[in-house]
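Down below is the structure, laid out as structure tokens.
The values are calculated or read from the model by the stated rules, or taken from the named source; none is laboratory data. As the structure is a computational prediction, the values presented were derived from the model and not from experiment. Cβ atoms come from the backbone with ideal geometry, glycine included; neighbour counts cover every protein chain shown. For the accessible areas, the whole protein counts, side chains as well, though only heavy atoms, and no ligand, DNA or RNA atoms are used. Shrake-Rupley method; radii C 1.70, N 1.55, O 1.52, S 1.80 Å.
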Amino acid sequence: MTEMSKGTNNFEFMPQDSLLNKARYMAAIKNDTQYTPHINSNFDLNYASDKDYFSDLGNALSTSTYSSYLFSQANLGYMNEGVSLRGHVDSYQSINKAISNAGLPYRKLPQVNLNLNHSFDSCR
């Protein structure tokens, strides 16, 4: 990647599945970046073309462990003395036909946390 970031990119692609008559794919992108001493981000994004991808094709080449869903998340943060601000999102993709999108865990779109560490000595 770069001096300030590290990560991995994985992509599996089958241009033509003869049984389903369509292309099938899976992608996984992971990245950690330190933009400045105070600002950083990280993300772990995962996507499969269809719910049967892992049950039909397995995951021999992929980095994901089989589950009922694929988890994706992203964070952006700022930290300095006395203050921290972080934005966070989570999302899930069902990869099990028995689980509808309504049965997925709750998404966080977005979650923002602001923490201040300040003493109020003049208050008594």
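Here is a yes/no grid of residues against (1) in contact (Cβ under 8 Å) with a residue 40 or more places away in the chain; (2) touching a Lys or Arg at 6+ places or on another chain (Cβ under 9 Å); (3) of a type in the set (Phe, Trp, Tyr):
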{"site": "Gly7", "(1), (2), (3)": "no, yes, no"}
{"site": "Glu12", "(1), (2), (3)": "yes, yes, no"}
{"site": "Leu19", "(1), (2), (3)": "no, no, no"}
{"site": "Met26", "(1), (2), (3)": "no, no, no"}
{"site": "Tyr35", "(1), (2), (3)": "no, no, yes"}
{"site": "Ser67", "(1), (2), (3)": "no, no, no"}
{"site": "Ala74", "(1), (2), (3)": "no, no, no"}
{"site": "Leu85", "(1), (2), (3)": "no, no, no"}
{"site": "Gln93", "(1), (2), (3)": "yes, yes, no"}
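Take the residues in the range 79-106 that are polar (S, T, N, Q) and open to solvent by less than 60 Å² (accessible area, probe 1.4 Å), then tell me which one is modelled with the highest pLDDT.
As a first pass, look at the range 79-106 and keep what is polar (S, T, N, Q): 80, 84, 91, 93-94, 96, 100-101.
Next cut, open to solvent by less than 60 Å² (accessible area, probe 1.4 Å) only: 84, 91, 93-94, 96.
Values: Ser84: 96, Ser91: 93, Gln93: 90, Ser94: 88, Asn96: 86.
Filtering first and then ranking leaves Ser84.
Against the definition (of a type in the set (Ser, Thr, Tyr) and outside any loop (DSSP other than H, G, I, E, B)), how does Ser119 come out, yes or no?
On the way: of a type in the set (Ser, Thr, Tyr): yes; outside any loop (DSSP other than H, G, I, E, B): no.
The answer is no for Ser119.
Within the range 34-55, can you find the residues that are assigned to a helix (DSSP H, G or I) and of a type in the set (S, T, N, Q)?
Within the range 34-55, just Ser55 meets the criteria.
Filtering the range 1-33 down to residues that are of a type in the set (A, V, I, L, M, F, W, C) and not in a strand (DSSP E or B), which residue is surrounded by the most Cβ atoms within 10 Å (Cβ to Cβ)? Working first, answer last.
Here is the first cut: in the range 1-33, the ones of a type in the set (A, V, I, L, M, F, W, C) are 1, 4, 11, 13-14, 19-20, 23, 26-29.
Filter once more, so that each one left must be not in a strand (DSSP E or B): 1, 4, 19-20.
On the way: Met1: 11, Met4: 11, Leu19: 6, Leu20: 13.
Going through the qualifying residues, I end up with Leu20.
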